[in-house]
Amino acid sequence: MPPFWRMVAEGTGGRLWERDGISAAIVPASPKRSFFNSVHYEDPQSLIDSIDELAALYDESGIEAWTVWVPEADTEVAAALESAGHFLDARPRAMAMPLGDLRAPGPDPELEIREGSDFELVSRLNEVAYGLPPGDFPVIGGDRGELRTYFGYLDGEAIGCAGTFARDEDSELVYVAVLPEGRGRGISARLSARALAEAAEQGFETTTLQATKLGRPVYEKLGYGDYGELQMWERRKPG
């Protein structure tokens, strides 16, 4: 996850702060969205010892909300964050599979899927799909590294997107979003399957993702296995 957040932070005019196995994405372009201002860590005690410093870092950067991703087994970290004023905001699932196990759905003759690099469109689709105000999903520019994006169209109109971010032998599934009018017909699964099939053709061996409660059944049908809960402990300024 940290390499992906580095790309997001640096590609939106921010930066990645790193020390003692801790990486903190600082994204001033989206100060109210903790998802973009994410913290990951390797050693629980290092994270606990750095909570106050991280809070000062985000405050100095003008960030109103940030979050720490905590594996469910790290109960001491969760307790320390709660004591410091964080609250449990979300419980996504860590999911993964060998790309050879992909179970792609059948085609939808009305759905056209094309690879593209329109990241303004990626942002607009995600904002509408997840109910975010315009501008809250920053547009990624600069060097996007191994990020590839795919768009789905119905009657010539963009209806959804999905992307993959490559790291070593893994292809992480990201930016899966479908507009409300396109839901219920398997568009997210078909977009994801297309992106993953092309990753397999490029020689990648595995795929990982973080799934919401609604997304989990979609990914299970594609062949992903569930590897446990990832808690998002958010800290947000009052008001």
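Can you tally the net charge around Ala211? Count Lys and Arg as +1, Asp and Glu as -1, for every other residue whose Cβ sits under 13 Å from the Cβ of Ala211. The partial results should precede the final answer.
On the way: positive: Arg91, Arg93, Lys213, Arg216, Lys221; negative: Glu172, Glu220, Asp226, Glu229.
Computed value for this residue: +1.
What is the diffusion coefficient of region 96-229 in µm²/s, taking the Kirkwood radius over Cα pairs and the Stokes-Einstein relation at 10 °C with a viscosity of 1.306 mPa s? Don't skip to the end; give the middle numbers.
Numbers: Rh = 15.0 Å.
The Stokes-Einstein estimate is 106 µm²/s.
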Rounded to the nearest 0.05, FRET efficiency between Lys237 and Tyr130 (Cβ-Cβ, R0 25 Å) equals 0.70
Unit charges at the beta carbon, dipole of the chain: most positive-side option, Gly85, Ile159, Leu196:
Ile159
Pop out the ³J(HN,Hα) list for region 98-104 in order, Karplus 6.51 cos²θ - 1.76 cosθ + 1.60 with θ = phi - 60°, rounded to Hz; leave Gly and Pro as x.
x, 4, x, 8, 4, 10, 7
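What relative contact order, as a whole-number percentage, does the chain give when Cα pairs under 8 Å and 6 or more residues apart are counted? Spell out each step's value before the answer.
Values: 477 pairs, mean separation 62.7, N = 239.
Dividing the mean separation by the residue count of the chain yields 26 percent.
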Considering only Pro138, Pro107, Pro44, give the residue with the highest GNM mean-square fluctuation for the chain, with springs between Cα atoms whenever their separation is below 10 Å.
Pro107
GluC sites (Glu not before Pro) lying in DSSP loop within region 24-107, provided at most 14 other Cβ fall within 10 Å
Glu42, Glu72
Give me the percent of DSSP beta bridges within region 96-229 that run antiparallel, rounded to the nearest 5.
90 percent
Among Asp52, Asp74, Asp168, determine the one that fluctuates most according to a GNM of the chain built with springs between C-alpha atoms less than 10 Å apart.
Asp168
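Bear in mind these aren't lab numbers, they're just calculated from the coordinates by the rules spelled out. Treat the numbers as computed from the prediction; the structure is a model and nothing was measured. FYI the Cβ positions are ideal-geometry reconstructions off the backbone, even for glycines, and counts take in every protein chain you see.
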